[in-house]
Structures are given as C-alpha cells and as structure tokens.
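These notes concern the structure reproduced below.
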Amino acid sequence: MLDTRPLLEATDFPAIYRDKLQILQINLGYLCNLSCVHCHVNAGPKRTELMSRETIDDVLRFIDQHDIKLLDLTGGAPEMNPEFRYLVTEARQRGVDVIDRCNLTILVEPGYEDLADFLAEQQVIITASLPCYSEQNVENQRGKGVFNNSIEALKKLNSLGYGKEGSGLQLNLVYNPGGPFLPPSQIGLQEAYKKELGDNFGIEFNELLTITNMPISRFGSMLLSKGQFEDYMQLLKDSYSDANLNNVMCRTLISVDWQGQVYDCDFNQMLKMPLIASDSADIYLKDLLDQDLIGNEICIGDHCYGCTAGQGSSCGGALDG
Ligand code: SF4
Ligand code: SF4
C-alpha cells in the first residue's frame, strides 16, 4: 500500500488546541467478520489483534478519572472482542453513553444471535455504516451478501425499538462518498435514505451522518496510484471553512488503539502521528490517568483539511449540521 504520510506532514493548517475531554474513542481490535476492500485498518476474520482485559480496565480507570461522558467503540467489529460486553456493561453502570460502530452484518452472524438484545438492554447507541441504499453500491464496497444481511439486521433492530420515535434506542447510519468528492448535504441525503429504506424495506433510523474521505490509508493509496492525490488535496483546501475549525472532533476526543496507545484522533492513529503531549513517541492511556490535556497542541497534517472542508466532517457526521 502506498503511504501518504510523507506528503501530509508539512502543512499550513492552522494550529489547534484541546478543550475539555468529553469522548473516548476505543479501537477494540482488528478482528472482523467482513474484509471490505476500503477498510482503513485492514480488518478481517484472520486478524488476532484484540484489546486485552487489562487495557480495558485502564479504559475504565480513565473514564472514572476524567469524568468521560461518551465512549465510542470501533474495530474491526468491536462486538467480536470477547471483552466487549464487559466494557459496555461497566461503562453503562457508570452512566456513560456508549456508541457501537457496528457493521450490521455481525448482528446476523451465527453465535451473535443475542447481540442485538444485549445492545438494546444496555441502551447502546448504534452507528452503522451503510454507504448507499442500493444493493449494488453496497456490495461493490463491502462484498457479496452484505446488503441483504444489513437489511435483515436493520429490521431486527427496528423490531427491538431501535430507530423508532420515543424508544430511546438510537440508530444512526453513516455515509461516505464512493470516490474523490465531498459528501452531499447531510440533511438532503438523510431524506433520500429515509425515503428509500422506508419505502422499499419499511426501515426506520434516526440520523444519517456524512463523513468526508480522508487522503490516508487505503483511500489515500488509491488516490496516489490513480494520480488523483493532488487534485483531491486541492479540493479539500479550496473547500476550507474557518467556521468548522472550532468544532473539529480532536478538541474534545482522544483515540486509543487496541494496545492502549493514544492519539489525537482516529486518522492520526492510522498515520501513527503521536500526541504532542510528551517527548515519547508511544503514549499509553494508563500514562495519562492524572494528566489534564486542556490547552495541549494537537498534532496536525494536511489531512486535517478533510475535517474542515465544506460542511465539515467528524465521526459524528457534518460539523455544521
Ligand atoms: S466492516 Fe468495517 S472494520 Fe470490518 S472490514 Fe469492513 S470496514 Fe473494516
Ligand atoms: S484529522 Fe484529526 S487532528 Fe486533524 S483536524 Fe481532524 S480530528 Fe483534528
């Protein structure tokens, strides 16, 4: 895979600094039931990297120490980590909201039949990637059979109350563009998703989150190999909006990898760009238990223009929505 990091390091992106930490984003490991061609972390059924119970206990200690209100779980398929239910239950007991970044198909895999019930009982927020409402587009990105399994999983979630008005069970879908262009208006696309999924399958959900593709990992490598990297970077820079700078997610979030190492955001984790907070390149969550990160400078690169372009982008969707 071609590496875009050397092209991103020298940047004119404005300096940004941390506010109060509110969100802990945890990557529970690279094990996944799918092997999507666009996967940022090369996840798949043969990967063995999984966050250990010891590191999960560090996460819980950090939550207690820093009064974290939102835990955002990613992978791989985070639910495949054997400690997933322990972490979710402990976090919910502490009153922390939990987001499960779910690929949907795991909910209909053999051995995971009771997963949806568990998520509903714990009132976990489900944020699920569904790159399109058409079968063809989803299967091109994610593999054969994925669309039908995703629809089956969405119906199962709806039957438990997920996505239904007044149930308190939140189901959000995520869209990212299929090429080197910015996402369309989040509100407009949400309407189209609601209509298509409602009319064709009777499916309901709460919000659609649109996310801009970052010029890193597999997508960055694809841009380089097709000679589109510079044009895409220029598009991101030309679409810069100052209003989004105050809301970039790294101001209030840290991202933790399966070994407990800490980064300013998920993208910096993929680029192995460490926190500026310490002289050491490897900073672990357990080393930050007593540290207050407010005011710390954030490690930036040209990829940061992906967060401020157009309507802005974060793990929670558009910034101006
Ligand atoms: S479902 Fe997500 S984590 Fe799994 S292979 Fe696909 S993109 Fe990667
Ligand atoms: S890429 Fe990461 S560090 Fe850069 S602005 Fe976006 S969230 Fe912040």
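The values are calculated or read from the model by the stated rules, or taken from the named source; none is laboratory data. Because the structure is predicted, anything quoted here is derived from the model rather than measured. Ideal geometry is used to build each Cβ from the backbone, glycine not excepted, and the neighbour counts take in all protein chains shown. Only protein heavy atoms, including side chains, enter the accessible area calculation; ligands, DNA and RNA are left aside. Shrake-Rupley method; radii C 1.70, N 1.55, O 1.52, S 1.80 Å.
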Going through segment 195-227 in order, the residues found to be free of Cβ contacts under 8 Å to residues at least 12 places away in the same chain, open to solvent by less than 70 Å² (accessible area, probe 1.4 Å) and in a helix (DSSP H, G or I) are G198, M222
So, in segment 259-268, exactly how many residues are more than 8 Å from ligand 2 (Cβ to nearest atom) and surrounded by 23 or more Cβ atoms within 10 Å (Cβ to Cβ)? 2
With the first residue restricted to segment 297-321 and required to be within 16 Å of I216 (Cβ to Cβ) and open to solvent by 10 Å² or more (accessible area, probe 1.4 Å), and the second required to be within 10 Å of ligand 2 (Cβ to nearest atom) and in a helix (DSSP H, G or I), Cβ contacts under 7 Å at 6 or more apart or on different chains are C299/N268; D302/L8; C307/N244; S314/M249; S314/C307; C315/M249; C315/D266
Considering residues that are within 13 Å of A116 (Cα to Cα), open to solvent by less than 30 Å² (accessible area, probe 1.4 Å) and under 18 Å from the mean Cα position of the chain (by Cα), the number found within segment 151-194 is 1
Scanning segment 25-66 for residues that are of a type in the set (S, T, Y) and more than 11 Å from ligand 1 (Cβ to nearest atom), the one most open to solvent (accessible area, probe 1.4 Å) turns out to be T48
Pull out all pairs, ordered by first then second residue, where Cβ-Cβ is under 9 Å, the residues are six or more apart or on different chains, the first lies in segment 228-255 and is β-branched (V, I, T), and the second is within 16 Å of ligand 1 (Cβ to nearest atom). I254/Q25
Out of T105, T127, T74, report the one residue that is touching a residue at least 40 places away in the same chain (Cβ under 8 Å), polar (S, T, N, Q) and within 16 Å of ligand 2 (Cβ to nearest atom). T74
Conditions: (1) part of a loop (DSSP other than H, G, I, E, B); (2) under 30 Å from S52 (Cα atoms). K144 meets all but one. Number of the miss? (2)
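For N244, are the conditions met, namely being buried (at least 22 other Cβ atoms within 10 Å of the Cβ), in contact with a Cys (Cβ under 8 Å, 6 or more places away or on another chain) and assigned to a helix (DSSP H, G or I)?
no
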Which numbered condition F267 fails, given (1) more than 23 Å from L235 (Cα to Cα); (2) in contact with a Gly (Cβ under 8 Å, 6 or more places away or on another chain); (3) within 16 Å of ligand 1 (Cβ to nearest atom): (1)
Mind checking which pairs have a first residue in segment 164-182 that is of a type in the set (G, A, S) and a second that is open to solvent by less than 60 Å² (accessible area, probe 1.4 Å), Cβ under 7 Å, 6 or more apart or different chains? S167/G161; G178/P131; G178/Q141
Would you confirm whether any residue within segment 149-163 is part of a helix (DSSP H, G or I), out of contact with any Leu (no Cβ under 9 Å at 6 or more places or on another chain) and not small (G, A, S)? yes
Just the residues that are loosely packed, with under 12 Cβ neighbours inside 10 Å and either among the β-branched types (V, I, T) or within 14 Å of ligand 2 (Cβ to nearest atom) (or both), please, taken from segment 1-18. D12, P14, A15
